[in-house]
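Values in this text are rule-based calculations from the coordinates and carry no lab data. A quick note: this is a predicted structure, and the numbers were derived from the prediction, not measured. When we count neighbours, we look across all protein chains shown, and the Cβ atoms used for this are built from the backbone with ideal geometry, even at glycine.
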Amino acid sequence: MSDSGVIWALCRPGFEADAGQELVSRAAEAGAYGFFVPEAAGWVRFELPGQSAEPVMRAIPLTGLVFVRDWYVGFGEAVPLPKEDRVGAVLEAVKDSGISAPYGRVDVHVPQEGTEDALPRFARKWTSPLAKALRGAGILDEEPDSTAATPGLEILLPDFSRAWLAQRVPELSSVFPEGVPRLRMPGTAPSRSTLKLEEALHRFFTPQARDRLLRHGMTAVDLGAAPGGWTWQLVQRGLAVTAVDNGPMDEALMASGLVNHRTEDAFSWRPARPVDWLVCDIVDRPARVVELMAEWIEGRLCRMAVFNLKLPMKQRWDCWQAYRTRLEESIAASGADLGVTAAQLYHDREEITCCVAPLTGSR
Ligand SMILES: C[S@@+](CC[C@H](N)C(=O)[O-])C[C@H]1O[C@@H](n2cnc3c(N)ncnc32)[C@H](O)[C@@H]1O
């Protein structure tokens, strides 16, 4: 396949400028220069004139990006889709693009917002005849691959009249479809917030690291814990949790015997002994939350942390740079071998979720 110098990036709708700015800055750090176009809700086209996309994606891995959930190598301009033969148009365009490798699967993506109501349904139905035609032409493997391990042909469908073609590179793209782990709301969890911590643990750690870093016998503090969705996640993994919040905790969760509820101010309360984990879901000024987290890390009151930061409406990327610097200073002062990462999760709205943890085992 000829490298086109285009990266298609997926992000939360409304955060296209933040994702684009992040790509421009991070690519520049790696010596690559590009510009971005927000093409649709949650889609950013990052152009690297005269450069190749894949080396840039390798230099600034997805797991180090905050606003970009998933990304693909793009090829070519938008393909016009005539009503009478959209499949044929895609087939011809794929052949013309000169790609060689057969793909393990084909996926059709539609923007998450702002499309005609019928488009998502059309995309779901269209995938099957499209896959059949691609298989017939030898572009798709005979045996469809349901895993994320083989290259995927990604069709980005902004409306009924055109499509962009892209390639999913297994080792560079997300292991989750469109970068979002599919999670079910657990029946006994006290709040939907529980999914945010669960998503964070999937996003930041491999399954093996999750088992190693969160296990029976460990201790945690949950600041701003009520009613207990985050505490519930930790208790499920056998951790003993001190839940700090003036609000009431879920009764069934308290009955687990693993939760100690302290009705105190989370900004001034400190544990008598260091704990393994600090988690914090308090909605407050981000600079204030960062300072609190930095104090815990610097003082080695916790070994690892996951917390939310509500970012301002503007200049979110710049703000995050300042917060990241402060957190890195606190890690350096602690002398611990830790790294800081952050991501805007599917379950985040205006906020991002940050993680301070050992670098080994992190995704
Ligand atoms: C978004 S809710 C937390 C939801 C929780 N993570 C869950 O999964 O159920 C934020 C919580 O922070 C608590 N909170 C806000 N400021 C606080 C403070 N200074 N000290 C303790 N708790 C605080 C609120 O009472 C509220 O329960």
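Of all residues in segment 7-26, those satisfying the criterion of being crowded, with 23+ Cβ neighbours inside 10 Å and either within 17 Å of Arg168 (Cβ to Cβ) or hydrophobic (A, V, I, L, M, F, W, C) (or both) are Ile7, Trp8, Ala9, Leu10, Cys11, Phe15, Ala19, Leu23.
Okay, residues lined up against (1) within 15 Å of the ligand (Cβ to nearest atom); (2) within 28 Å of the chain's Cα centre (by Cα):
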| residue | (1), (2) |
| --- | --- |
| Arg273 | no, no |
| Asp276 | no, yes |
| Ile282 | yes, yes |
| Ala294 | no, yes |
| Leu301 | no, yes |
| Leu309 | yes, yes |
| Gln315 | no, yes |
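Taken together, the criteria place Glu264 among residues that are more than 30 Å from Ser174 (Cα to Cα) and among the acidic types (Asp, Glu). Filtering segment 90-108 for residues that are in contact with a helix residue (DSSP H, G or I) (Cβ under 7 Å, 6 or more places away or on another chain) and in a loop (DSSP other than H, G, I, E, B) leaves an empty set.
A search for C-beta distances below 9 Å between a residue of segment 21-36 that is part of a loop (DSSP other than H, G, I, E, B) and any residue that is aromatic (Phe, Trp, Tyr), counting only pairs 6+ apart in sequence or on different chains, returns Gly34/Phe46. Taken over segment 204-241, the criterion of being of a type in the set (D, E, K, R) and touching an Asp or Glu at 6+ places or on another chain (Cβ under 8 Å) is satisfied by Asp222 alone. Annotation note: of Val108, Val87, Val44, the sole residue that is in contact (Cβ under 8 Å) with a residue 40 or more places away in the chain and in contact with a strand residue (DSSP E or B) (Cβ under 7 Å, 6 or more places away or on another chain) is Val108.
Figure legend. Inter-residue proximity from segment 191-213: first residues of a type in the set (Phe, Trp, Tyr), second residues within 16 Å of the ligand (Cβ to nearest atom), beta-carbon distance below 8 Å, spacing 6+ or different chains. Indicated pairs: Phe204/Val306; Phe204/Cys355.
Scanning segment 258-271 for residues that are within 14 Å of the ligand (Cβ to nearest atom), outside any loop (DSSP other than H, G, I, E, B) and surrounded by fewer than 20 Cβ atoms within 10 Å (Cβ to Cβ) gives a single hit, Arg262.
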